[in-house]
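The values are calculated or read from the model by the stated rules, or taken from the named source; none is laboratory data. Predicted, not measured: the structure shown is a model, and the values here were computed from it. Cβ coordinates were reconstructed from backbone atoms using ideal geometry, including for glycine residues, and neighbour counts include every protein chain displayed. Note: areas computed on protein heavy atoms with side chains; ligands, DNA, RNA excluded. Shrake-Rupley method; radii C 1.70, N 1.55, O 1.52, S 1.80 Å.
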Amino acid sequence: MAKDICFHCGLNCNNKQFELGDKLFCCNGCKTVYEILNQNELGCYYDFENNPGTIPTEIKGKYNYLDNPEIAKKILEFNDDNIQLVSFYIPSIHCSSCIWVLENLTKLHNGIVISTVNFPKKEIRITFKSKKISLKSVVELISSIGYEPYISLENAKNSTHKSNKTLIYQVAISGFSFGNVMLLSFPEYFQESGFWLEKYKVLFRFLMFIFSVPVVFYSAKDYFISAYKGLKHKMLNIDVPIALGISVLFIRSTIEVLFNLGQGFFDSLTGLVFFLLLGKIFQQHTYNYLSFERDYKSYFPIAVTKLNRDKTEESIEVYKIKEGDRLLIRNEELIPVDSILIKGNATIDYSFVTGEAVPVSKKSGAKLFAGGKQLSGAIEIDVLQTVQQSYLTQLWSNAAFKKEKYGIKTLVDQISKHFTFAILGIAFIAGIFWFFYDKSMVFNVFTAVLIIACPCALALSSPFALGNILRIFGKQKLYLKNANGIEELANIDTIIFDKTGTITTNKEVNIVFEGIALTLEEKQGVRNLIRFSNHPLNRMLYEFLEVSGELKVTNFKETLGKGIEGKIKNNNYKLGAASFLNVENNVINETNIFMAINEKIKGRFIFKNSYRKGLNTVFNKLSKEYKLIILSGDNEGEKEYLSKVLPKNTLFAFNQKPEDKLHFIKQLQNKGEKILMIGDGLNDAGALAQSNFGIAISENTNVFSPACDAILDARQFNKLPTFFKLSKQTIRIIKASFVLSLTYNIVGMYFAVTGQLSPIIAAILMPLSSITIVVFVTVLTNFYSRK
């Protein structure tokens with residue numbers, strides 16, 4: 001382990017202020033966690049992984065609202081007189097050490113009965129004795145060791161959510177029945193007569209009928225419901241011929257068994273339903289831990305601190321905030337309502353609402369909008385509007401968030417319309433032929449055509465192809481909401497990119513100095529001066545100036561929203577805005593900090609966006625097939641640079657408010673364009689919802705992703721052209737599988753129309769066609785994805 005690495009979290013240590021024995025820590029928080037764990041015999045935490053911890057955040061007073069019984073009631077899953085149970089989502093869970101320490105919370109406090117971690121979902125479930133430790137204390141305990149839970153207003157609303165396991169039960173029943181029916185069918189497949197066969201034949205057929213009843217009326221019910229709804233709306237979807245095939249299989253097989261005419265097709269019936277449901281399971285088995293439908297409730301805290309007139313503090317629910325209330329907003333807390341700043345220095349990060357990359361400073365009396373995050377200490381605000389009436393909440397009242405996507409008929413439904421008419425036509429023609437040739441064969445031939453032509457292979461090709469692509473995309477960190485989106489993605493002709501946080505990255509800072517070259521001592525002076533400031537730009541500059549050496553700063557003064565000044569070695573340093581240094585700034589669309597020493601202007605530090613790696617390559621590839629647009633809430637400061645770097649046919653639109661973005665996309669859609677929107681923040685939520693397909697770029701795929709159809713890990717940005725190309729290839733594969741399915745149907749039709757369809761031929765052809773289609777689409781999608 002490197003000497004300058006924090007023993008707890010692994011970050012670089014800029015100084016050796018926090019040492020304990022031979023171990024070095026980057027901050028007092030990491031050192032405290034180490035001491036807590038060792039005092040409670042949990043030092044093994046560091047044996048599983050090197051530097052497994054995270055830096056604990058300041059929690060003083062942050063969770064006072066959990067002492068409010070009404071709020072606690074909404075979070076707790078179980079609440080007896082003494083025993084309480086709660087579950088939390090903890091984003092910082094990442095390794096075996098995390099699991100070990102969180103499942104040993106009983107050693108940190110005897111009031112905790114048991115704690116269990118669900119690693120894939122990053123959740124912890126804690127049972128505790130409320131008489132020994134409160135809910136607030138539980139949260140403060142896990143936060144103190146670096147595992148702060150993510151608690152939002154949405155958690156309180158959805159605490160009673162239960163998962164639907166109906167599909168699993170349907171598959172289980174159909175699979176169990178299919179296996180048993182096949183076993184009962186074998187004797188008649190391979191032996192036409194015999195003592196034991198004649199003795200138990202009736203019993204076996206009756207058992208097959210009994211096994212098939214729950215398959216038809218429970219496992220296959222969704223196909224009948226879907227077919228009914230489709231016919232009700234005068235639409236022939238894929239479930240119509242499937243429901244028809246299942247009905248005919250069951251009715252004919254029942255008639256044959258009741259009148260002792262044969263063994264029926266119960267094996268084909270149960271196998272058909274089982275394979276169809278397997279396709280559904282495969283298609284739906286995607287990354288359910290991701291949230292694709294987040295709105296403002298996902299980001300807002302459950303409660304805030306209200307300041308009463310007698311100067312006492314009270315934790316109240318966000319929904320109980322009234323106009324005129326005075327609230328206390330602590331450092332790093334979200335502002336939940338539109339308000340007026342009354343007291344304190346406000347530095348607000350609006351990037352997640354407006355898309356503007358640079359935090360803004362506000363003076364007393366300034367209006368603050370909901371959704372901004374306070375970055376510089378505690379402030380007091382007076383509420384102008386309730387949560388429901390705030391600017392950010394109104395964004396979600398737009399019709400774009402209520403519309404149902406993928407309203408167009410899918411490829412399968414379009415084909416099934418023609419398929420159904422063709423099959424019914426063939427069945428009637430064959431029936432009419434046999435009516436004049438041999439009337440005893442009419443019913444058998446008519447039903448045989450409907451049985452063998454049941455589009456099971458047609459229905460399976462799409463779920464398995466799309467489901468496999470979902471899995472492949474997921475491995476490459478593109479998580480789609482559902483499989484239908486792949487078809488929508490393949491039809492896109494226009495791609496719109498947000499700028500801040502989408503094509504730029506917040507992980508890196510690109511700062512250049514323009515002016516008279518600074519000496520080493522001057523750089524040290526600047527770094528030591530800005531060390532006293534909490535302004536976000538000064539923090540960035542502090543990290544950028546990698547020079548060591550401490551210099552004494554005197555007469556330090558910070559003018560809010562303007563700049564800072566101080567004396568170092570009898571030299572007066574000033575850093576800040578152009579107006580603070582009385583300098584004329586000719587470029588208004590750039591973010592910069594001017595610098596002067598002894599009233600002499602030395603130059604300026606220019607803050608430029610750091611663009612994602614491979615941006616130029618991505619746009620050049622996409623420009624060959626798509627119309628490309630940059631749609632940003634930021635200013636035009638980097639339009640000239642982007643115009644040089646990106647393809648010439650790229651269009652630009654800056655200074656776009658959230659509602660402007662939404663209307664911009666609507667106008668393009670009215671012209672017939674299919675829009676893909678790629679964004680990252682709440683300011684893009686309306687545009688993502690309005691677009692035909694929306695992808696949210698996220699540095700952390702588990703948190704802070706607005707309403708969207710897919711979430712892309714920011715590190716995979718350069719793979720966007722590959723994802724789009726593979727989507728189109730998948731649709732081609734599905735079409736090719738339809739041709740293969742049609743070939744099987746033609747072969748089966750020969751046996752059906754000529755009256756030669758026996759149960760054993762149906763039992764071979766139907767599963768064989770299904771298995772072939774599944775293998776065909778799976779192999780090809782895997783092949784193209786690797787290629």
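Some observations on this one:
- Failed criterion for residue 654 (all others in (1) surrounded by fewer than 16 Cβ atoms within 10 Å (Cβ to Cβ); (2) touching a Ser or Thr at 6+ places or on another chain (Cβ under 7 Å) hold): (1)
- Within the range 592-611, the set of residues being surrounded by fewer than 18 Cβ atoms within 10 Å (Cβ to Cβ) and either at pLDDT below 90 or polar (S, T, N, Q) (or both) comprises 598, 606, 608, 610.
- Whenever a residue of the range 365-381 is touching a residue at least 60 places away in the same chain (Cβ under 8 Å) and open to solvent by 20 Å² or more (accessible area, probe 1.4 Å), its partners that are in a strand (DSSP E or B) and among the small types (Gly, Ala, Ser), lying with C-beta atoms within less than 8 angstrom and at least six residues away or across chains, give the pairs 376/346.
- Residue in the range 536-576 that is modelled with the lowest pLDDT, counting only those that are open to solvent by less than 40 Å² (accessible area, probe 1.4 Å) and assigned to a loop (DSSP other than H, G, I, E, B): 547
- Residues of the range 666-700 satisfying the condition of being among the hydrophobic types (A, V, I, L, M, F, W, C) and closer than 14 Å to residue 633 by Cβ: 677, 682, 685, 687, 688
- Number of the condition not met by residue 216 [criteria: (1) within 34 Å of the chain's Cα centre (by Cα); (2) modelled with pLDDT of 75 or more]: (1)
- In this structure, residue 311 qualifies as open to solvent by 50 Å² or more (accessible area, probe 1.4 Å), over 30 Å from residue 466 (Cβ atoms) and at pLDDT below 85.
- Unmet criterion (only one of (1) under 30 Å from residue 616 (Cβ atoms); (2) modelled with pLDDT under 85; (3) surrounded by fewer than 18 Cβ atoms within 10 Å (Cβ to Cβ)) for residue 722: (2)
- Breaking point among (1) surrounded by 18 or more Cβ atoms within 10 Å (Cβ to Cβ); (2) within 35 Å of the chain's Cα centre (by Cα); (3) among the polar types (S, T, N, Q), for residue 533: (2)
- The residues of the range 247-265 that are part of a helix (DSSP H, G or I), modelled with pLDDT under 85 and crowded, with 22+ Cβ neighbours inside 10 Å amount to a single one, 249.
- Within the range 407-438, the residues that satisfy the criterion of being modelled with pLDDT under 75 and part of a helix (DSSP H, G or I) are 411, 412, 413, 414, 415, 416, 417, 418, 419, 420.
- Cβ pairs under 9 Å, 6+ apart, first in the range 648-675 and of a type in the set (Phe, Trp, Tyr), second surrounded by 14 or more Cβ atoms within 10 Å (Cβ to Cβ) and in a helix (DSSP H, G or I): 652/639; 652/642; 654/639; 664/687
- Taken over the range 625-679, the criterion of being at pLDDT 90 or above, part of a loop (DSSP other than H, G, I, E, B) and touching a Leu at 6+ places or on another chain (Cβ under 6 Å) is satisfied by 650 alone.
- Among the residues examined, residue 580 does not qualify as modelled with pLDDT under 85 and either in a loop (DSSP other than H, G, I, E, B) or loosely packed, with under 14 Cβ neighbours inside 10 Å (or both).
- Here the condition is being open to solvent by less than 10 Å² (accessible area, probe 1.4 Å), at pLDDT below 85 and either within 30 Å of residue 273 (Cα to Cα) or not polar (S, T, N, Q) (or both); of 698, 737, 705, it holds for 737 alone.
Condition check ((1) within 19 Å of residue 185 (Cβ to Cβ); (2) open to solvent by 60 Å² or more (accessible area, probe 1.4 Å); (3) not charged (D, E, K, R)) across all residues:
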site	(1), (2), (3)
202	yes, yes, yes
208	yes, no, yes
215	yes, no, yes
222	no, no, no
232	no, yes, no
236	no, no, yes
239	no, no, no
245	yes, no, yes
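- Residue count, the range 594-610 (criterion: on the phi < 0 side of the Ramachandran plot, assigned to a strand (DSSP E or B) and either more than 37 Å from the chain's Cα centre (by Cα) or not aliphatic (A, V, I, L, M) (or both)): 11
- Condition met for residue 617 (among the β-branched types (Val, Ile, Thr), surrounded by fewer than 16 Cβ atoms within 10 Å (Cβ to Cβ) and under 26 Å from residue 496 (Cβ atoms)): yes
- The range 657-680 - residue that is under 14 Å from residue 499 (Cα atoms) and in contact with a strand residue (DSSP E or B) (Cβ under 9 Å, 6 or more places away or on another chain) and, of those, most open to solvent (accessible area, probe 1.4 Å): 680
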